[in-house]
Every structure is written in structure tokens, then in C-alpha cells.
1. Any idea what Rg and Dmax come out to for the chain if you just take the C-alpha atoms, in Å?
2. Among the lysines, select those whose C-alpha is under 30 Å from the C-alpha of K131, and discard any that sit fewer than 8 residues away in the same chain.
3. Which whole-number percentage describes the relative contact order of segment 87-184, with Cα contacts under 8 Å and a sequence gap of 6 or more?
4. Are there any trypsin sites (Lys or Arg not before Pro) in segment 1-110 that are in a DSSP loop and have at most 10 other Cβ atoms within 10 Å? List them by number.
5. Can you give the translational diffusion coefficient of segment 125-169 in µm²/s, computed by Stokes-Einstein from the Kirkwood radius over Cα pairs at 20 °C and 1.002 mPa s?
6. For a label point 7 angstrom out from the Cα of S187 toward its Cβ, which stretches of segment 202-244 have the backbone nitrogen within less than 19 Å?
7. Would you report the distance distribution of C-alpha pairs in segment 1-50 as whole percents per 10 angstrom bin, up to the bin with the largest distance?
8. Please report the relative contact order for segment 161-272, taking Cα pairs under 8 Å with a sequence separation of at least 6, and give it as a percent rounded to a whole number.
Amino acid sequence: MKMDGKTILITGSTDGVGRYVAAKLAAAGAKVLVHGRDRERATALIEEIKRQGHGEAVFYPADLSSLAETRRLGEAVLADHQRLDLLISNAGIGSRSLAGRQTSADGHELRFAVNYLSGFLLAYLLLPLLKASAPSRIVNVASLGQHPLDFDNVMLTKGYDGTRAYAQSKLAQIMFTIDLAGELEGSGVTVNSLHPATYMNTTMVREGGITPISTVEQGGEAILRLAVGEDMSGKTGLFFNGMAQAKANAQAYDAAARKQLRALSLELTGLN
């Protein structure tokens, strides 16, 4: 894995599997744009990367539950960098919701906003840089936990359930992956999504009261394969379960549903 001269943005990279992937890519020579909300954790990762003596890292703080902050993150990356070879949309929040239904800064259901909408907006903001740096890649870190979207109740104002909220946000990511891959055909930018591993030993899993059954390394290696694997060159619009290509929920392959999701997402993010 040689990443010298490559610039990479990984959302949610101050902890868990995002941190693992960031450290690995920096060690291979990449310039890693570290994103998170915790400056202390980010500083610790950047110091670790410096000690490796290869690659570099810069911290970009942003709360992805705010579309305004997401937009500022995208604009800062565009202003600061001449190229972007890889975008890994990894930031997310889990299914456990002790507080019941929560909303984002913009009034959207929180998991839909953080796990899906922020990545949708960020990808479109950064597309000019990704296209200019082609061949380049987008990797959306989704899940096997998927639930079809009810377009009359996307924000789950009726019958809220944290697991369903998480699962529909993850399916939305996969639907977006397929849609964007079609849109970018011939551009040199590929887009794929994956379930990295089941119940990795991460803060999100432990805080959900779940006993981990996979390692961060297992999930990280699956992400790295989609991000930089030579065997993934030119492959786009696919979903993977770990290292194996897999089928997502049937709604992902429903063009009408994807069109509906796209229209809603453009409206909510203010993109035209």
C-alpha cells in the first residue's frame, strides 16, 4: 500500500475503526484529513502519526448533526487542498437511544441526519475535487442492519424505534452509493459501500450495551480493501459484507425509491 502524495478525508476518524484506517493510510504515506468532534482524541492520533515518521495528518472539527457545520467542513477541505483521492464516510451514531427520538440541529431525525444526510452533502460538495483527482474513490461505511424507508414517515415521527432509525439511515447510504455510482460513471470516481464487520470492539458498540464479536482490525481491513485495494479498481455501485460482495435490502435496487430519496435529500440539504 503506497499512498505517497495522496490526500484522504475520513469522517469519524478520531476513534474506533476510523482511527485504525487513518493510522494505516498515514503509515503508507498519505496526508490524512482527520475529522471528529473531540480535539483531544484528534491530537493524540496526529501525534501518533507524527511518531510513525511517515505521512501527515490535519484535524478538521465538525459536528455532522448540523448541515451548516458539514458544509463548512466541505468548504474548508476545498479551500485548503488541491486534491482529494479518497473520501471515507465513516462517522455515525448507533441504534441505542435512551432519550427516545432525537432531532438534529436542523430538526431532522438524528440518525438519518448524521449517518446519511451529512455524507450525502459532503460527497456532493467534494465531488469537484474528487473528479479533478481521478482515479479517486468514495467509500460509505454502512451496515447489514437495514430497514426500508417509509417515505411518508422518513423522520419516524410515528412509531419511533432507535434500531429502525439506525437501519434505515444505513440503507439510505447504500441507496445513495448505487445512485451516485451511476451518476459518476466514466468520471474516474468510484463509489462503494460496506458492512465492515459485525459488532466491532468500538465505543459505539460498547455504549449500545453489546458485547463485541469482531475486532476493529477486521473491519478496518475490509474498509481499506475498498479504499485502496487494486482488485477494486473500476468497481463501483457495489455493497460488501466484510470482504465479500453481497446483496443489500431489496429497496436499494428499486430505482423509484432511490429517485424519491435523492429528491428528498437534495431538498433537505439545500443542494440543487
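1. Computed over the Cα atoms of the chain, radius of gyration and Dmax are 17.1, 53 Å.
2. Within the straight-line limit of under 30 Å, K131 reaches these lysines: K2, K6, K24, K31, K50, K170, K235, K247, K259.
3. Reported relative contact order: 39 percent.
4. Sparse-neighbourhood loop trypsin sites (Lys or Arg not before Pro): K2.
5. 164
6. The answer is 227-228, 233-239.
7. Result returned by the calculation: 30, 59, 11.
8. 30
The values are calculated or read from the model by the stated rules, or taken from the named source; none is laboratory data. These numbers were taken from a predicted model, which means no experiment stands behind them. Don't worry about glycine lacking a Cβ; one is built from the backbone with ideal geometry, like all the others, and counts go over all protein chains shown. Ligands, DNA and RNA are stripped out before the accessible areas are found, and what is left, the full protein with its side chains, is counted by its heavy atoms. Shrake-Rupley method; radii C 1.70, N 1.55, O 1.52, S 1.80 Å.
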